[in-house]
Amino acid sequence: MKLNKPLIIAGPCSAESEEQLLTTAQAVAATGKVDILRAGIWKPRTRPGAFEGAGVKALPWYAKAKEITGLPISTEVANAKHVEQAQAFDVDVFWIGARTTSNPFSTQEVAEALRGTEKMVFVKNPVSGDVDLWCGAVERLLACGVKNLGLIHRGFSGFGTGVLRNAPMWHIALEMRRRMPELPMICDPSHICGSREYIADITQQAADLNYDGLMIETHISPDEAWSDAKQQLTPEALSVLLDNVKWRAGESASESYKMALMGLREQIDTLDHEILRLLSERMNVAEQIGRIKRENDVRILQSARWADIMNRVLTSSHSLGLSEHFLRTMLDAVHVESIEHQNRVMKEE
Ligand code: PEP
Ligand code: MN
């Protein structure tokens, strides 16, 4: 399969019913901007009890969607049975999901089931930011003679992501690209964002980082979706998104500058998040001190203790590479806030 750049894959998170799949597929195809359909037939849910996919009965619906739209179809495979059943219905493109990439036993099983296939296989990043695990999945496929490979960056969980569902950690994806430069890498902003309001922004960042395409969850009526309702777009919104994203021509010099800058800004955001979290923890401790003082009838301000803290911090000004002025200003602000917290505790009784 010759890949367009940007390669656009779109369709629902899950195949739910024949009608939902066919109407979505037709509306997605009607945009004229999509190269490959997507739909999850088997859904790997982190917790049991959620919709686990329609399973094999959805494959004939999907084959029909392919026939009606003329578009190739793609789905997630997580074990040998999925591969066998999807092959039987002539699924054109496979992807390995984040949870599966995280497990070498599973990737090995899928790789063996796909042995020698000419079909395109995308490997999503593992749930954690472990580049070796991601590489390992690709290597297992290569060792089974699967040559048409691509990567999907869908973000990483467990990093205090703020508003996003999965932190993009762009530098990890870019490290993967550095290690496997011959593989196309597309971005899945839907799973990074978890909510549709951020998708345009993340999509543009992917375009600016020279990704080769996108996978975007699109549903005929997103709010009623049986999985990932908040992050799916309508076909119309998909069309607007694809019209607005700027695939700027890249010079390699400025591109590496952008990549470096993006990685560094992400580090800054992570550090800021951590600093604020620590400050909040510090205030909790101050409140505990306030409670002890209250119980023992001791006043809040103990000037000698504060002078000690200030002196200790100021002596490390040089080794920290932070000016005395900055340290004083920052510590004063922390002290004022601390006293306010203790005051509140004093008034509690
Ligand atoms: C999906 O593509 O619907 C999916 C389950 O994604 P991920 O493996 O990235 O969580
Ligand atoms: Mn999904």
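The values are calculated or read from the model by the stated rules, or taken from the named source; none is laboratory data. Remember, predicted model here, so these are calculated numbers, not experimental data. Cβ sites come from the backbone with ideal geometry, for glycine too, and all protein chains shown count toward neighbours. Surface accessibility is based on the protein's heavy atoms, side chains included, excluding ligands, DNA and RNA. Shrake-Rupley method; radii C 1.70, N 1.55, O 1.52, S 1.80 Å.
Give me the pairs, please: first residue somewhere in the range 141-159 and in contact (Cβ under 8 Å) with a residue 60 or more places away in the chain and more than 21 Å from residue 169 (Cβ to Cβ), second residue anywhere and open to solvent by 10 Å² or more (accessible area, probe 1.4 Å) and away from ligand 2 (no atom under 16 Å from the Cβ), beta-carbon distance under 6 Å, and either six or more positions apart or on two chains.
148/120
Looking only at residues in the range 84-95 that are out of contact with any strand residue (DSSP E or B) (no Cβ under 7 Å at 6 or more places or on another chain) and not in a loop (DSSP other than H, G, I, E, B), which one is surrounded by the most Cβ atoms within 10 Å (Cβ to Cβ)?
Checked the range 84-95; the qualifying residue surrounded by the most Cβ atoms within 10 Å (Cβ to Cβ) is 85.
Is it fair to say residue 176 is touching a helix residue (DSSP H, G or I) at 6+ places or on another chain (Cβ under 8 Å), under 27 Å from residue 108 (Cα atoms) and at pLDDT below 95?
The answer is no for residue 176.
Among the residues of the range 55-76, are any open to solvent by 40 Å² or more (accessible area, probe 1.4 Å), within 16 Å of ligand 1 (Cβ to nearest atom) and in contact (Cβ under 8 Å) with a residue 12 or more places away in the chain?
Checked against the condition, which is being open to solvent by 40 Å² or more (accessible area, probe 1.4 Å), within 16 Å of ligand 1 (Cβ to nearest atom) and in contact (Cβ under 8 Å) with a residue 12 or more places away in the chain, the range 55-76 yields no hits at all.
Which numbered condition in (1) in contact with a Pro (Cβ under 6 Å, 6 or more places away or on another chain); (2) more than 16 Å from ligand 1 (Cβ to nearest atom) is the only one that residue 199 fails?
(2)
So if I check each of 151, 164, which one is closer than 15 Å to residue 98 by Cβ, in a loop (DSSP other than H, G, I, E, B) and within 16 Å of ligand 1 (Cβ to nearest atom)? Lay out the reasoning, then the answer.
Values: 151 fails: in a loop (DSSP other than H, G, I, E, B).
Just a single option satisfies the conditions, and that option is 164.
In the range 51-83, which residue that is in a loop (DSSP other than H, G, I, E, B) and at pLDDT 95 or above is farthest from the chain's Cα centre (by Cα)?
If we take residues in the range 51-83 being in a loop (DSSP other than H, G, I, E, B) and at pLDDT 95 or above, then 70 is farthest from the chain's Cα centre (by Cα).
Only one residue in 221, 239 is under 18 Å from residue 33 (Cβ atoms) and open to solvent by less than 80 Å² (accessible area, probe 1.4 Å). Which one?
So the residue among 221, 239 that is under 18 Å from residue 33 (Cβ atoms) and open to solvent by less than 80 Å² (accessible area, probe 1.4 Å) is 239.
Within the group 188, 269, 201, 228, which residue is away from ligand 2 (no atom under 16 Å from the Cβ) and touching a Gly at 6+ places or on another chain (Cβ under 9 Å)?
Working: 188 fails: away from ligand 2 (no atom under 16 Å from the Cβ); 201 fails: touching a Gly at 6+ places or on another chain (Cβ under 9 Å); 228 fails: away from ligand 2 (no atom under 16 Å from the Cβ).
On inspection, the qualifying residue turns out to be 269.
Please list, ordered by residue number, the helices (runs of 4 or more DSSP H) wholly in the range 182-270 having 3 or more residues that are out of contact with any His (no Cβ under 9 Å at 6 or more places or on another chain) and under 23 Å from residue 73 (Cα atoms).
Where helices (runs of 4 or more DSSP H) fall fully within the range 182-270 and carry at least 3 residues being out of contact with any His (no Cβ under 9 Å at 6 or more places or on another chain) and under 23 Å from residue 73 (Cα atoms), they are 189-193, 235-244.
Give the range 36-54 a look and list any residue that's near ligand 1 (Cβ under 9 Å from one of its atoms) and either farther than 19 Å from residue 220 by Cβ or of a type in the set (Asp, Glu) (or both), or say none.
Of everything in the range 36-54, those that are near ligand 1 (Cβ under 9 Å from one of its atoms) and either farther than 19 Å from residue 220 by Cβ or of a type in the set (Asp, Glu) (or both) turn out to be 44, 45, 46.
Evaluate the range 163-181: report whether one residue or more is surrounded by fewer than 19 Cβ atoms within 10 Å (Cβ to Cβ), under 17 Å from residue 273 (Cβ atoms), touching a residue at least 24 places away in the same chain (Cβ under 8 Å) and of a type in the set (Lys, Arg).
Looking through the range 163-181, at least one residue is surrounded by fewer than 19 Cβ atoms within 10 Å (Cβ to Cβ), under 17 Å from residue 273 (Cβ atoms), touching a residue at least 24 places away in the same chain (Cβ under 8 Å) and of a type in the set (Lys, Arg).
Tally up the residues in the range 38-49 that are in contact (Cβ under 8 Å) with a residue 24 or more places away in the chain and surrounded by fewer than 12 Cβ atoms within 10 Å (Cβ to Cβ), please.
1
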